[in-house]
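No lab work stands behind these numbers, since they all come straight from the coordinates. In this text the structure is predicted, and so the values were computed from the model without any measurement. Cβ atoms come from the backbone with ideal geometry, glycine included; neighbour counts cover every protein chain shown.
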Amino acid sequence: MIGVFDSGYGGLTVFKPLTKKFPRYNFIYFGDNARAPYGSRSQEEIYKYTREAVDWLFREGCELIILACNTASAQALQKIQQEYLIKNYSERRVLGVLIPVAEEIAKTADGKIGILATEATVSSGAYLREIKKFKSDAEIIQIAAPTLVPLIETDMIYHNSMKLALRKYLESFKKTGIKNIILGCTHYPLIKDLIQAEMPGAKIFDSPSVIPASLENYLTRHPEIEKRLGKNGQRRFVTTGDQEKFSKFAAKIMNVPVGVEKALPFLFLKKFESARMNGLD
Ligand code: DGL
């Protein structure tokens, strides 16, 4: 099974094209809505919450997990790969969305690059680092856009506040002649048209258009992982938050009714850890 993790709903923008590209593969989507948003949290919190979600997904049988959340990819992925996985699940894999998008923009972009993302993704500098690995002379500007996620989640996409927020955030991109924009947050593909309307000449890069092909490439290079993935076309949706709200939001993005399970891995893990410490495991 392939797990797709996000802090909340936004990762569905990546889940949808992934499930379309790989219809036979079993997928589970996990949204930590109870603790979202992650974008204004500390690195320690983002790491802890992401690790708990990853742990839960592995227990559910995932062989491969994609962190659809840019904030988790920026602030937690490296430590998960280099410490947690090696110690606990050395045969399984966790991948992020940031490196494939950075690679794509570095290879194809002509001109200055603007990154729009959460505060935590911007402060990590991860996109900058990854783009510069492929294109060391890239001129990049980053903007943290903390009000966009709440506006999208409260159905304010076509409200005047969204227009004003976008104008404010994109002002420095316009002034500095940005020609390429990374939508460095799961939710922004939902307002791609509005961003494009504000900056008609700019080329937009985002996870939904890059990650499916990048996963295909990964699976071709890693047949040992690919052959362990279940292929019965299963789809599961799990949230730590309100099931009904999640179901409504997910149905809108997926264009089909979505049944949602509830899980609280952090509570389960706490019990599990204290049982282990008390010798009950
Ligand atoms: N999923 C987050 C991201 O892609 C956005 C929402 C949040 O801040 O949790 O960065």
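Once the cut-off is 16 Å, how many percent of the Cα-Cα pairs in the stretch 42-131 end up in the long-distance tail?
Above the 16 Å cut-off, the stretch 42-131 has 53 percent of its Cα pairs.
Run through all the Cα pairs of the stretch 204-261 and give the fraction in each 5 Å bin from 0, expressed as whole percent.
For the stretch 204-261, the binned pair fractions read 4, 15, 14, 15, 19, 18, 11, 2 percent.
Nearest 10 degrees, 0 to 90: what angle lies between the long axis of helix 43-59 and the longest principal axis of the chain (Cα atoms)?
50 degrees
Which FRET efficiency value, to the nearest 0.05, do you get for residue 175 and residue 79 by plugging their Cβ-Cβ distance into 1/(1 + (r/R0)^6) with R0 = 41 Å?
Once the sixth-power term is evaluated, E becomes 0.70.
Report the FRET efficiency, 1/(1 + (r/R0)^6), for residue 167 and residue 133, where r is their Cβ-Cβ distance and R0 is 45 Å, rounded to 0.05.
FRET efficiency, residue 167 to residue 133: 0.85.
Once you wrap a convex hull around the alpha carbon atoms of the stretch 1-51, what is its projected area averaged over all directions, in nm²?
3.7 nm²
Give, as a single signed number, the net charge of other residues whose beta carbon lies under 12 Å from the beta carbon of residue 226, with Lys and Arg counted +1 and Asp and Glu -1.
+3
Taking the highest mean first, how do the peptides 246-253, 224-231, 201-208, 41-48 order by number of other beta carbon atoms within 10 angstrom per residue?
Top of the packing list down: 201-208, 246-253, 41-48, 224-231.
Mind checking the full-extension length gain between residue 262 and residue 228? Use 0.36 nm per residue of separation minus the Cα-Cα distance, one decimal, nm.
The span from residue 262 to residue 228 would gain 9.6 nm if fully extended.
With the dipole of the chain worked out from charges on the C-beta (+1 for Lys and Arg, -1 for Asp and Glu) around the Cα centre, which of 15, 89, 53 lies farthest toward the positive end?
15
What residues have an amide H closer than 5 Å to that of residue 181, excluding those fewer than 5 places away on the same chain, when H is modeled at 1.01 Å from N in the peptide plane?
Those lying under 5 Å, H to H, from residue 181 are 114, 203, 204, 205.
Any of 174/245; 16/203; 21/168; 16/168 with alpha carbons more than 26 Å apart? Name them for me.
In this structure, 174/245; 21/168; 16/168 exceed 26 Å between Cα atoms.
Ignoring solvent entirely, what values of log10 I(q)/I(0) come out of the Debye formula for the stretch 47-96 at 0.24, 0.30 Å⁻¹ when each Cα is a single scatterer?
The computed values of log10 I(q)/I(0) come out as -0.84, -1.34.
Please compute the alpha carbon radius of gyration of the chain, then divide it by the globular-protein estimate 2.2 N^0.38 Å. Two decimals is fine.
Rounded to two decimals, the normalised Rg is 0.99.
Relative to the first principal axis of the alpha-carbon coordinates of the chain, what is the inclination of helix 265-277, with its axis defined by its Cα atoms, in degrees from 0 to 90 and to the nearest 10?
Helix 265-277 sits at roughly 40 degrees to that axis.
In debye to the nearest 20, how big a dipole does the chain give about its Cα centre with +1 on each Lys and Arg Cβ and -1 on each Asp and Glu Cβ?
The dipole of the chain has a size of about 340 debye.
Let me check against my output: what whole-number percent is the relative contact order of the chain, with C-alpha pairs under 8 Å and at least 6 apart?
26 percent
With everything on Cα atoms, drop me the angle between helix 98-108 and the longest principal axis of the chain, reported from 0 to 90° to the nearest 10.
30 degrees
When the helices in the chain are scored as -39500 (n - 2.57) per DSSP H run of 4 or longer and the sum is shared across all residues, what 222 nm value do you end up with, to the nearest 500 deg cm²/dmol?
Taking each H run of at least 4 residues, the total per residue is -14000 deg cm²/dmol.
Only counting other Cβ atoms within 10 Å, I'd like 134, 266, 30 sorted with the fewest neighbours first.
The order, fewest Cβ neighbours first, is 134, 266, 30.
Taking only the C-alpha atoms, wrap a convex hull around the stretch 114-204 and report its volume per residue in Å³ as a whole number.
87 Å³
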